[in-house]
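What follows is a single structure, and I will ask about it in a moment.
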Amino acid sequence: MGLLIGCKLAVALFFIGGVVCLNLNSSEGFSFGLQWPEFNAWTVRLSPWDAGYYLQISKYGYNDKSSLCAFYPLWPGLIYAFSNLFHCKQVIVGLLLSNILSIVGLWLFGKLILEEYGQKVSRYSLCFLLAFPGAFFFCIPYTESLFFLLVMLVFHALHKEQWSVLVVATFLLPLTRAVGIFVLVPLGWFLWEQRKSIRYWLVLLAPLSGYATYFGIMYFYTGNALFGFEAQKAFPHSPSIGNIIDPVGFWNSFINIHSIFGMRDALLDRLFFLLLLILLPFVWKLNRTWFFYTLLLGVVPALTNWFMSYRRYVMVCFPIFVVLALLLQKSSHKGVYWYYIALLVLLQIVTIIFAANYRWIG
């Protein structure tokens, strides 16, 4: 726990220090749809890009025919609830919640791996995850902290067969991010692999109910249950199931590399996708339930979104970090892995600097 808190504080202080000390221009935030008065320069700097949309929803809710409807409701709903409960500004509540929830999620991750593979693998897994460039999103008001915590509750509940926790967590996942509904597949595999009786299969109704609730919320605010999907078209490279059956388009997107950190042409996103593909067979050997989770959460966003924000999506594929830790433990060339971690830390530092400068971070 000390390692987690120390790393989180270091990243958070580095980010806030960059915002405070650097003479940065955050005017781009105001041209990116953040128009309400509370979004001053400080708010924009501390809640870059999508975080600003979540804060705006937490303040005003969804508007009919607004692009804000592209974002899922649970995270802004939590910010709204706690900001009203404690009479704090949304940006402060968002930052605190993001860090607190991610610490709990990371602690559950370390605990799960500790029970499965021992202390050394648990420590190595945390090192790989915390060093990953996408780990920065655990520090700002994005959905990653909440989503990761719910995912770890799901797999911890499966490990312990705590069905009430499993029901709640799987219900909330589709209300957090669209890919949350994919929990149906690893959950179904677990039930089949463990030869559970039919009454246990009723747990599959939880994520379906969560998704139905999402559609109900969209209908309440817009009169169209599917308007969230329509709103996504307002954004570049909006996700589309049709992209999965467009191999030419996917290949053209894959080779469209013109930057390291860019929005749609980043080398990093392609490299992390290749890393995931390389590690998938190891995940298969490790745990089949984890494999189906990693396959869907790691591959589908790359196919539907054509790599936009991919470093965020791949970060929640926790089994790949466990595989890297196991390979490190068995390797006689451990230096290679520590060089890899050092490179990841360097990339995360650059990500933090970009975030403080309101440049694209994923």
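Go through Leu205, Leu274, Leu187, Leu173 for me and flag whichever is modelled with pLDDT of 90 or more and more than 23 Å from the chain's Cα centre (by Cα).
Of Leu205, Leu274, Leu187, Leu173, the one residue that is modelled with pLDDT of 90 or more and more than 23 Å from the chain's Cα centre (by Cα) is Leu205.
Return the pair list, or none, for Cβ contacts closer than 7 Å from residues in the stretch 93-122 that are within 20 Å of Arg312 (Cα to Cα) to residues that are surrounded by fewer than 16 Cβ atoms within 10 Å (Cβ to Cβ) and not small (Gly, Ala, Ser), at least 6 apart or on different chains.
Short answer, once both residue conditions are applied: Ile103/Ile5; Trp107/Met1.
Here's the yes/no breakdown for (1) surrounded by fewer than 21 Cβ atoms within 10 Å (Cβ to Cβ); (2) in contact with a helix residue (DSSP H, G or I) (Cβ under 7 Å, 6 or more places away or on another chain); (3) at positive phi; (4) at pLDDT below 85:
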position	(1), (2), (3), (4)
Asn40	yes, no, no, yes
Phe82	yes, yes, no, no
Leu85	yes, no, no, no
Ile100	yes, no, no, no
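Out of Gly298, Gly335, I need the residue that is among the small types (Gly, Ala, Ser) and closer than 17 Å to Asp269 by Cα. Which one?
So the residue among Gly298, Gly335 that is among the small types (Gly, Ala, Ser) and closer than 17 Å to Asp269 by Cα is Gly298.
Also, quick follow-up: Find all pairs meeting these conditions: Cβ atoms under 7 angstrom apart; at least six residues apart or on different chains; first residue within the stretch 185-202 and over 16 Å from Phe291 (Cα atoms); second residue at pLDDT 90 or above.
Listed pairs, sorted by first residue: Tyr200/Leu191; Trp201/Leu191.
Quick one: in the stretch 325-345, which of the residues that are over 13 Å from Leu130 (Cα atoms) and in contact (Cβ under 8 Å) with a residue 12 or more places away in the chain is farthest from the chain's Cα centre (by Cα)?
Gln329
Of the residues that make up the stretch 292-310, is at least one surrounded by fewer than 22 Cβ atoms within 10 Å (Cβ to Cβ) and in contact with a Leu (Cβ under 7 Å, 6 or more places away or on another chain)?
Checking the stretch 292-310: at least one residue is surrounded by fewer than 22 Cβ atoms within 10 Å (Cβ to Cβ) and in contact with a Leu (Cβ under 7 Å, 6 or more places away or on another chain).
I'm told Ser309 meets every condition in (1) within 24 Å of Pro73 (Cβ to Cβ); (2) more than 15 Å from the chain's Cα centre (by Cα); (3) polar (S, T, N, Q) except one. Can you identify the failing condition by its number?
(2)
Criterion first (crowded, with 18+ Cβ neighbours inside 10 Å, at pLDDT below 85 and small (Gly, Ala, Ser)) does Ser332 satisfy it?
When the stated conditions are applied, Ser332 does not pass them.
The values are calculated or read from the model by the stated rules, or taken from the named source; none is laboratory data. The model shown is predicted, which means the values in this text are computed figures rather than measured ones. Counting neighbours? That spans all protein chains shown, and the Cβs are built from the backbone with ideal geometry, glycine included.
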